[in-house]
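Enquirer: I'd like to ask some things about the structure below.
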Amino acid sequence: MKKLLLSAAALVVLFAACSKDDDNKPESAKKYLLHIVSDEDSVEVTYDAAYNMKKIGAYGSSKEISELTYENGRLTKKSSSRNDGPVQLLQTFDYNSTGNLLRVNNYNSDGFRSRYDSLTYDANGRLTGFYELRSGETGYQKQAKYAYTWDSKGNIIKEVRVSMPAGVESKDSSFTDYTYDDKVNFASRQPEFFLLESDNPTFGLSANNVVKSVRTINTIPGYVSTATEEYTYDADGYPVTRKEVEKDVRDGVVEYTSEDSFKYRYIKK
């Protein structure tokens with residue numbers, strides 16, 4: 001969970017294929033993320049006149065300014081500059097015939113597509129699969145695949161990851177189960193968040209906010225990684241603070257723990 005717009009250097013934005021109309025969305029209170037602030041870093045988002053994300057500033061131990069390019073209303077390109085250096089292409093986005101995000105292409109500093117992520121959907125347009133591919137001697141090979149399970153409220157409640165070294169499916173799998181609150185997940189209300197964090201669809205697509213995630217790995221018996229999230233909300237049900245506690249336990253012994261806090265600010269349309 002820490003990766004989700006919390007680390008300034010890791011910020012990415014994604015595009016949701018369809019809108020989410022549910023009981024948790026106050027129609028009169030359309031809000032857009034402006035700032036995320038923690039003790040270590042911060043994120044600032046700026047918009048154009050149509051409230052499309054145009055720039056994302058990530059500030060911490062370094063500074064990264066990302067610029068987003070749209071064509072015919074779709075996000076097609078992300079370019080970034082680190083520490084006032086040259087602007088470089090980082091990602092491009094491809095879509096299928098129904099407008100769902102199909103592929104996220106990632107580029108290195110030489111402008112070469114070093115890897116890409118491929119996405120699949122069910123007949124209702126819900127994300128069901130995600131594949132990581134990297135460039136190798138024989139072309140692009142799958143490195144891992146993910147499968148997602150949804151509940152009736154529009155939340156991803158389970159993720160299964162299978163490692164595929166050299167493109168061959170292995171026995172190394174991890175399983176993550178999610179539980180949610182009943183409040184507004186601001187990211188699912190802003191399409192770009194799924195585009196830039198397509199590898200974390202619980203953040204970009206789920207209707208509500210994750211309050212607990214539990215991850216196990218089949219090749220590490222006795223290992224459990226748990227992240228718990230505690231929120232406060234504004235009058236419209238949007239998170240304004242979040243406290244995150246992560247803990248890794250193996251055979252009943254705590255091997256790692258961390259705690260972080262974040263504040264959110266929005267602008268209202």
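The values are calculated or read from the model by the stated rules, or taken from the named source; none is laboratory data. Every value quoted in this text rests on a predicted model; they were computed, and no experiment measured them. All Cβ positions, even for glycine, are placed from backbone atoms using ideal geometry, and neighbour counts span all protein chains on display. Each accessible area value is taken on the protein alone, full model and side chains, heavy atoms only, with ligands, DNA and RNA left out. Shrake-Rupley method; radii C 1.70, N 1.55, O 1.52, S 1.80 Å.
Enquirer: Restricting segment 149-180 to residues that are without any contact (Cβ under 8 Å) to a residue 40 or more places away in the chain and among the charged types (D, E, K, R), which is nearest to D122 (Cα to Cα)?
Expert: Among those residues, the one meeting the criterion is D151.
Enquirer: Mind checking which pairs have a first residue in segment 246-263 that is more than 14 Å from T226 (Cβ to Cβ) and a second that is open to solvent by 60 Å² or more (accessible area, probe 1.4 Å) and part of a strand (DSSP E or B), Cβ under 6 Å, 6 or more apart or different chains?
Expert: Matching pairs, first to second residue: S261/K243; K263/V37.
Enquirer: Among (1) of a type outside the set (G, A, S); (2) within 17 Å of the chain's Cα centre (by Cα); (3) at pLDDT below 95, which single condition is E137 missing?
Expert: Only one criterion is unmet by E137, namely (2).
Enquirer: Would you kindly identify the strands (runs of 3 or more DSSP E) lying entirely within segment 105-150 that contain at least 3 residues that are hydrophobic (A, V, I, L, M, F, W, C) and within 20 Å of L196 (Cβ to Cβ)?
Expert: 127-136
Enquirer: Take segment 166-184 and flag every residue that is of a type outside the set (D, E, K, R), at pLDDT 95 or above and farther than 10 Å from N155 by Cβ.
Expert: S173, S174, F175, T176, V184
A quick yes/no check of all residues on (1) charged (D, E, K, R); (2) more than 20 Å from H35 (Cα to Cα); (3) surrounded by 15 or more Cβ atoms within 10 Å (Cβ to Cβ); (4) modelled with pLDDT under 95:
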{"residue": "S188", "(1), (2), (3), (4)": "no, no, yes, no"}
{"residue": "V210", "(1), (2), (3), (4)": "no, no, yes, no"}
{"residue": "G222", "(1), (2), (3), (4)": "no, yes, no, no"}
{"residue": "E229", "(1), (2), (3), (4)": "yes, no, yes, no"}
{"residue": "E244", "(1), (2), (3), (4)": "yes, no, yes, no"}
{"residue": "D251", "(1), (2), (3), (4)": "yes, yes, no, no"}
{"residue": "Y264", "(1), (2), (3), (4)": "no, no, yes, no"}
{"residue": "K269", "(1), (2), (3), (4)": "yes, no, no, yes"}
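Enquirer: Considering each of S109, S97, S135, S118 in turn, give the residue that is hydroxyl-bearing (S, T, Y) and open to solvent by less than 40 Å² (accessible area, probe 1.4 Å).
Expert: Matching residue, one of S109, S97, S135, S118: S118.
Enquirer: Same structure, new question: Restricting attention to strands (runs of 3 or more DSSP E) lying wholly within segment 153-269, give those where 2 or more residues are more than 22 Å from L119 (Cα to Cα) and among the acidic types (D, E).
Expert: Because the criterion is at least 2 residues that are more than 22 Å from L119 (Cα to Cα) and among the acidic types (D, E), the strands (runs of 3 or more DSSP E) in segment 153-269 that meet it are 223-233, 239-250, 253-268.
Enquirer: Can you find, within segment 59-80, the residue that is farthest from the chain's Cα centre (by Cα) among those that are loosely packed, with under 15 Cβ neighbours inside 10 Å and assigned to a strand (DSSP E or B)?
Expert: The selected residue is E71.
Enquirer: Now for a separate question. Of S225, S188, S198, which residue is of a type in the set (S, T, N, Q) and free of Cβ contacts under 8 Å to residues at least 40 places away in the same chain?
Expert: S225
Enquirer: Taking the conditions exactly as written (part of a loop (DSSP other than H, G, I, E, B) and either touching a residue at least 24 places away in the same chain (Cβ under 8 Å) or farther than 17 Å from G204 by Cα (or both)), does A49 satisfy them or not?
Expert: Answer is yes for this residue.
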